[in-house]
Amino acid sequence: MWQQIARCILVLVGLLTIVKFATAERVRYDNYRVYQLEAKTPAQLAVINTLDGSSDALIFLNGVHSLNTKIHVLVAPHRVDDFLALQDRTGIAHKLLEADAQKSLDVETELVADPNRRSGDYTWREYHELDDTYAWLRSLAEKYPEQVSLFVAGKSYEGREILGVKIAYNTITDDEVVGATAKRGIFIEGGMHAREWISPATTTYIINELLTNTNKDVRKVAERYVWYVVPHSNPDGFVYTHTTNRLWRKTRTPYGNCFGADPNRNWDFHWNEVGSSSNPCSDTYAGPAAFSEIETRTLAEYISTLKGKLFLYLSFHSYSQLLLFPYGHTSELPSNYKNLKRVFDVAVAAVSKRYGTRYIGGNVYDAIYPAAGASLDWAYGKMEVPYSYCFELRPSGSALWSGFRLPANQIIPTGEEIMDSMLAMIKEIDALFA
Ligand SMILES: [Zn+2]
């Protein structure tokens, strides 16, 4: 009798699980604890880096780790005891920030645009869904037919387009631009990591500035160079953060029981040598091979058509307020390190001018930690783009634990300071060869 009841319960639980998957309800983080870790020694940092990527029960939030910085991690309830035992054994400083992550996630700080509202009022006071942004990009090609053209930079696993805009004013001839910037092309890539919503928001802000800002410094760079901007390099992941799991980072390619590879560990340049995981359930899973992800493969194919034409590549991520340049796979410095560092110095000075926002960084390997297979290294190493950088946008690493959820009222200040920084970078690159 009792056995029969137990069997019935098991069947019921099984059915409920199936129903849960079928309805694709929102993923919740009830009773997940949020811890702040701080590594004081390289050995402690190594332990933390091993944990990152070991399991989907540990979700590392700021994707970059270094000594003496605050590292935020979500720990599933069933892993808390093991997790704490390990921290105690290794002496890693840890602090409980929150006993129930879901409570924080329930607090509304991110305004998301109502997809049913009237068209024509795309703003940066709110975050947008993919279709909304794509509709806006398409509207630009109609509004500025001379300057703006659309391009499809690739496809996603679920069949979405990776849509980009090219902005070219053609007001000056190639002969009028000399030195490093003679290549004229600037490639801006956003949205690689799905949950980092401020990234696509910043790239669309830049597009709007290039087209509408009347300031003479902005006009000069807008009209002098040829811009390629891709706000959503990982459209499936981004849609999934809206429909199902706000903390999703990867693509959505199925790999056994888990989904997705980390698209910024998937590029074909020293792929999977260091700083990525071979576990498909990990948030830093490099994928089964370089360019296994259709998103990175097709985007790279598009960028390859511009080989020789680009002098600047910018990749936008969040969070931590860092500016990074090659390499991620080795501590060996790139051949034009001196110039990369000079442009870096100018860029971090400019980013703080308006609001005092402090950025730090350097070459990926030393500034944060070894990480191979990122787009900035591929652009530099394989596409020979001499200036390749990655911005980890607001907030700073020590701010909120849920840094991806940057309040919507910070989109415009972020865009403003990044425009300041980018303009200063371009001016410096120009000056280096004048
Ligand atoms: Zn990222």
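Read-outs: derived from the displayed coordinates by stated rules, not from any lab. Since this is a predicted model, take the numbers as computed values, not measurements. Ideal geometry is used to build each Cβ from the backbone, glycine not excepted, and the neighbour counts take in all protein chains shown.
For the reader, a short list of remarks on this structure follows.
- Residues of region 342-367 satisfying the condition of being part of a helix (DSSP H, G or I), in contact with a helix residue (DSSP H, G or I) (Cβ under 9 Å, 6 or more places away or on another chain) and surrounded by 15 or more Cβ atoms within 10 Å (Cβ to Cβ): 342, 343, 344, 346, 347, 348, 350, 351, 352, 364
- Verdict on residue 349 being in contact with a Lys or Arg (Cβ under 8 Å, 6 or more places away or on another chain), among the hydrophobic types (A, V, I, L, M, F, W, C) and on the phi < 0 side of the Ramachandran plot: no
- Cβ-Cβ distances below 8 Å connect the following pairs, each with a first residue in region 251-271 that is within 10 Å of residue 281 (Cα to Cα) and of a type outside the set (Lys, Arg), a second residue that is within 16 Å of the ligand (Cβ to nearest atom) and in a helix (DSSP H, G or I), and a separation of six or more residues or different chains: 260/237.
- Residues in region 55-84 that are without any contact (Cβ under 8 Å) to a residue 24 or more places away in the chain and either among the small types (Gly, Ala, Ser) or not in a helix (DSSP H, G or I) (or both): 57 alone.
- Matching residues in region 284-335 - criterion: being among the polar types (S, T, N, Q) and within 18 Å of residue 186 (Cα to Cα): 304, 305, 315
- Put simply, of 308, 275 the only residue that is part of a loop (DSSP other than H, G, I, E, B) and within 23 Å of residue 49 (Cβ to Cβ) is 275.
- Residue within region 256-264 that is closer than 26 Å to residue 102 by Cβ and assigned to a strand (DSSP E or B) present: yes
- Within region 368-408, being among the hydroxyl-bearing types (Ser, Thr, Tyr), touching an Asp or Glu at 6+ places or on another chain (Cβ under 9 Å) and part of a strand (DSSP E or B) holds for one residue alone: 388.
- Residue selected from region 60-78 under the condition under 21 Å from the mean Cα position of the chain (by Cα) and either small (Gly, Ala, Ser) or under 17 Å from residue 265 (Cα atoms) (or both), by the criterion nearest to the ligand (Cβ to nearest atom): 63
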